[in-house]
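**Q** Dropping the structure in here first, questions after.
The values are calculated or read from the model by the stated rules, or taken from the named source; none is laboratory data. Because the structure is a prediction, the values reported are computed rather than measured. With ideal geometry, Cβ positions are generated from the backbone for all residues, glycine too; neighbour counts draw on all protein chains shown. Calculation scope for accessible area: heavy atoms of the full protein, side chains included, ligands and nucleic acids excluded. Shrake-Rupley method; radii C 1.70, N 1.55, O 1.52, S 1.80 Å.
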Amino acid sequence: METEKLFEITAYTENQVGLLSAIAGIFTRRSLNIEKLLVYPSQIAGIHKFKIITRAAEAQIQTVVLQIEKKVDVIKSYYEVDNERSCREIDDVRQFLQERETESNNI
Amino acid sequence: MEQKITGAEAFWRSLLEEQVKVVFGYPGGQIMPVYDHYWNYQAQIRHVLVRHEQGAIHAAQGYARASGIPGMVLVTSGPGATNVVTGVADAMIDSTPVVVVAGQVPCQLLGKDAFQEIDLIGMATPITKWSYQIRRAEDVAWAVSRAFYIARTGRPGPVVLDFTKDAQAGLVDYAPKPCHFIRSYVPDPQVSESQLDEAARMIDEARKPFVVYGQGILLSGAEKELAAFLEKGAIPAGSTLLGLGALDSGNPHLKGMLGMHGNLAPNVMTQHCDLLVAVGMRFDDRVTGKLDTYARQARIIHIDIDPSEIGKLVPVDLGIVGDARKVLAGLTERIAPRTTREWQMEPILCDAVEKHKVIEPEIQPGTGEINPGEVVACVAEAVKGEALIVTDVGQNQMLAARYSRFVRPHSFISSGGLGTMGFGLPAAIGAKIAAPERTVVVFLGDGGLQMTFQEMGTIMQEGTDVKIVLLNNNWLGNVRMWQQLFFQERYSCTRMLNPEFTGIAQAYGIPSLHVETREELPSAIRQMFAQEGPFLLDVHVREESMVFPMIPPGSSVDEIMLNNEDWFNYGD
Ligand SMILES: Cc1ncc(C[n+]2csc(CCOP(=O)(O)OP(=O)(O)O)c2C)c(N)n1
């Protein structure tokens with residue numbers, strides 16, 4: 001068995017009703033306990049940020065994060081071992097949104 | 001300026017924008033404004049009145065899987081909505097594009113336990129790709145086009161719209177709001193060139209590569225690309241249950257169906273290959289058997305449009321996220337042409353054993369009661385691969401998959417991931433409506449047929465030409481089989497006392513035949529196909545029949561039972 005660790009999961013999302021329970025459901029169905037949960041406006045206007053701390057095996061967290069990101073209204077999701085996080089994500093998200101905007105202009 | 005219209009009318013206009021031709025539905029209080037406006041749209045959109053909302057959703061699934069176009073369901077709130085939940089879950093796990101619109105109580109009554117109020121979004125969230133409550137008439141056009149866009153793009157799936165009664169009644173300046181883009185949603189991820197290069201290198205280096213593919217091939221329209229890839233690389237392949245039909249059954253590279261009741265060769269080859277290339281499949285446990293031993297000797301490449309599938313169950317050496325058609329085309333371009341591989345005895349030996357020990361005893365028993373597989377083989381003989389085969393769940397499903405032949409895609413429709421009994425009959429109705437030019441045959445057991453038998457009424461009313469083949473064993477056959485094999489023959493609650501099915505068919509005005517003997521079978525099948533319109537063929541099959549080969553649950557995919565006594569041993 002892979003050992004369990006504390007992970008910090010971040011998700012940047014659109015501000016849509018129902019996303020909280022959609023995301024919580026991904027944890028519930030695996031009986032993963034959410035140790036800490038914060039939802040607040042991010043530095044980018046109109047975009048919300050979830051911070052979720054949970055204890056699990058890393059392989060499981062990888063799938064959890066991808067399943068969070070799979071939700072239509074989730075923009076990006078990341079995980080890191082708690083307390084070791086870098087600050088690059090917000091730039092990532094900005095860049096992603098910029099690319100998407102260019103793409104949408106080309107449609 | 002145009003006059004304002006109601007949300008209910010905006011709904012039908014939005015469906016026309018989405019080119020919706022058919023709606024499967026059932027009316028009720030909280031959706032009545034929408035049904036009322038249908039009166040003016042009857043000429044443009046066909047409404048199929050089912051007999052139970054579960055019938056509507058399965059019919060929409062059958063429609064979607066036969067055509068590739070999202071199926072559309074319209075139901076009322078409360079019980080109407082809960083009745084579709086099974087099918088929504090089924091569509092989710094089988095990646096089927098359907099859009100379900102349900103009525104909902106007016107906004108001011110939400111959360112107050114109003115008559116026929118349920119928290120549909122709460123119920124639907126875990127089993128939909130997207131769900132949304134429409135609370136204002138202004139949102140109708142936006143929500144409908146977004147629903148269809150999400151349902152059909154990327155990895156397809158079900159979408160639920162919860163349509164409050166005041167949004168139906170409210171007035172709006174209608175304008176279409178087509179949806180081609182959602183910034184948080186990437187349905188067609190860019191395929192990485194360097195990963196394609198690396199995959200091609202791995203394939204070129206492999207001595208015994210093996211491809212396992214699933215419904216992703218059909219969903220992305222990658223049938224030709226798959227065939228070209230296998231041909232250029234001389235790579236053998238196995239199909240999942242839902243991948244059937246993606247390759248012609250006669251394709252020399254196709255070694256058969258994977259999984260619990262699949263063919264010996266592809267299951268054994270999974271354990272003997274040095275490179276496993278999985279495309280558009282999700283390593284369901286009915287395919288992998290015991291995960292700890294699954295293809296452990298091989299390097300693994302997994303290609304899927306859904307990033308969350310990569311590494312979910314099987315650790316992979318290389319995961320490529322992308323549309324199967326693009327990835328396969330890119331790989332075919334890159335790999336070196338080959339005429340042979342080091343595969344030698346595995347497929348030949350496996351096929352010989354399976355033919356002798358399993359197939360011949362099943363489909364050519366010579367004497368005794370009719371075997372269910374024999375009926376499938378007889379039908380296959382008659383339709384020559386041209387029919388669209390639909391199944392229910394259980395032994396009938398596995399035998400239909402094993403003994404049907406396919407010469408073109410979208411020819412096999414079955415409830416895979418959820419295994420929903422009752423799927424077959426309504427799915428066949430939807431499939432026939434989507435593909436009226438095709439012969440549609442549905443195989444069912446006596447248990448599953450009775451789960452949605454009421455849809456005979458829909459068949460009667462719509463005159464839907466489906467050929468219903470009942471493999472009647474008077475048991476919940478698949479469960480009975482497990483009781484025999486794994487529960488010391490304690491046949492708890494699996495015996496069925498059945499009605500005379502032909503009598504019921506007659507009451508619905510549907511011609512039918514009851515067959516007891518082998519001699520009657522071919523002519524009965526001929527009669528069924530000779531006659532235009534729906535037909536029920538009730539075949540009394542061997543009551544204690546089994547489906548083999550079988551990989552018992554929890555076993556490795558090369559631990560295979562051939563019959564009640566023998567196990568397959570490769571190399572013996
Ligand atoms: C809705 C639902 N309930 C129960 C089951 C469990 N189950 C799987 S196969 C089966 C027996 C099916 O019997 P029948 O329809 O007669 O088909 P047969 O296996 O005899 O071909 C049952 C009960 C299921 N798959 N779906």
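**Q** Would you calculate a helix-derived [θ] at 222 nm for chain B, using -39,500 (n - 2.57) for each DSSP H run of n ≥ 4 and dividing by the full residue count, to the nearest 500?
**A** Calculated mean residue ellipticity at 222 nm is -10000 deg cm²/dmol.
**Q** Now for a different question. Could you point to the residue in A:Ile47, A:Leu6, A:Leu20 farthest towards the positive end of chain A's charge dipole, with +1 and -1 charges on the Cβ of Lys/Arg and Asp/Glu respectively?
**A** Farthest along the dipole direction, towards plus: A:Leu20.
**Q** Scan chain B and report its longest stretch carrying no GluC sites (Glu not before Pro) that are both in a DSSP loop and have at most 15 other Cβ atoms within 10 Å.
**A** B:3-341
**Q** Which pairs in the list B:Lys112/B:Lys165; B:Lys232/B:Lys355; B:Lys208/B:Lys232 are over 22 Å apart, alpha-carbon to alpha-carbon?
**A** B:Lys232/B:Lys355
**Q** Something else: Would you calculate, for chain A, the mean residue ellipticity at 222 nm contributed by helices, counting each DSSP H stretch of 4 or more residues as -39,500 (n - 2.57) and dividing by all residues, to the nearest 500?
**A** So the helix-based figure for chain A works out to -12000 deg cm²/dmol.
**Q** Trypsin sites (Lys or Arg not before Pro), restricted to the range B:195-301: which are DSSP loop and have at most 12 other Cβ atoms within 10 Å?
**A** B:Arg207, B:Arg296
**Q** Same structure, new question: Round to the nearest 0.05 the FRET efficiency obtained for B:Ser523 and B:Glu543 when R0 = 30 Å and r is the Cβ-Cβ distance.
**A** For R0 = 30 Å, the calculated efficiency reads 0.80.
**Q** Per residue, how much accessible area does the range B:370-540 show when a 1.4 Å probe rolls over the protein heavy atoms, in square angstrom?
**A** 36
**Q** Have a look at the DSSP beta bridges in chain B and tell me what percent are antiparallel, nearest 5.
**A** Expressed as a percentage, antiparallel bridges in chain B total about 10.
**Q** If you don't mind, another one. Out of B:Leu449, B:Gly262, B:Ala56, whose Cα points farthest toward the positive end of the dipole of the protein assembly as shown (charges: +1 Lys, Arg; -1 Asp, Glu; placed on Cβ)?
**A** So the residue we want is B:Ala56.
**Q** Placing unit charges on C-beta atoms (Lys and Arg positive, Asp and Glu negative, everything else neutral), compute the dipole magnitude of the protein assembly as shown about its Cα centre in debye, rounded to 20.
**A** About 820 debye.
**Q** With every protein chain left in place, what is the accessible area of B:Leu313 in Å² (1.4 Å probe, nearest 10)?
**A** 70
**Q** Same structure, new question: Too long at a 20 Å Cα-Cα cut-off: which of A:Lys70/B:Lys21; A:Lys36/A:Lys70; B:Lys357/B:Lys384; B:Lys384/B:Lys432; B:Lys129/B:Lys290; B:Lys4/B:Lys177?
**A** Pairs exceeding 20 Å: A:Lys70/B:Lys21; A:Lys36/A:Lys70; B:Lys357/B:Lys384; B:Lys129/B:Lys290.
**Q** Still on this structure: Dipole of the range B:486-572, Cα-centred, from +1 at each Lys and Arg C-beta and -1 at each Asp and Glu C-beta, to the nearest 20 debye?
**A** Result for the range B:486-572 is approximately 360 debye, rounded to the nearest 20.
**Q** What figure in square angstrom, to the nearest 10, would you give for the accessible area of B:Cys493 with a 1.4 Å probe?
**A** 120
**Q** Under a crude label model (7 Å from the Cα following the beta-carbon direction), how far is B:Arg183 from B:Ala234 in nanometres?
**A** Inter-label distance under the simple model: 5.3 nm.
**Q** While we're on this one: First compute the accessible area of the protein assembly as shown with a 1.4 Å probe, then give the percent of it belonging to carbon and sulfur atoms.
**A** 51
**Q** Roughly speaking, what is the centre-to-centre gap between the range B:260-314 and the range B:14-34 when only Cα atoms are used, to the nearest Å?
**A** Using only Cα atoms to place each centre, the spacing works out to 41 Å.
**Q** Let me ask you something else. Using +1 at the C-beta of Lys and Arg and -1 at the C-beta of Asp and Glu, which of B:Val440, B:Phe535, B:Thr458 has the Cα lying farthest in the positive direction of the dipole of the range B:370-540?
**A** Positive-most Cα among the choices belongs to B:Val440.
**Q** Taking the Cα centre of the range B:370-540 as origin, sum charge times position over the Cβ atoms of Lys and Arg (+1) and Asp and Glu (-1), and report the length of that vector in debye to the nearest 20.
**A** Here the size comes out at about 460 debye.
**Q** Considering only protein heavy atoms, with the full assembly of protein chains and a 1.4 angstrom probe, order B:Trp130, B:Trp39, B:Trp567 by accessible area, largest first.
**A** Sorted descending by solvent-accessible area, the residues read B:Trp39, B:Trp567, B:Trp130.
**Q** Give the cross-link partners of A:Lys51 among the aspartates and glutamates, using a straight C-alpha distance below 15 Å as the criterion and excluding same-chain residues fewer than 8 apart.
**A** The qualifying aspartates and glutamates are A:Glu8, A:Glu14, A:Glu35, A:Glu69, A:Glu80, A:Asp82, A:Glu84, A:Glu89.
**Q** In addition: When all protein chains stay in place, what accessible area (Å², nearest 10, 1.4 Å probe) is found for B:Met421?
**A** Number for this one is 60 Å².
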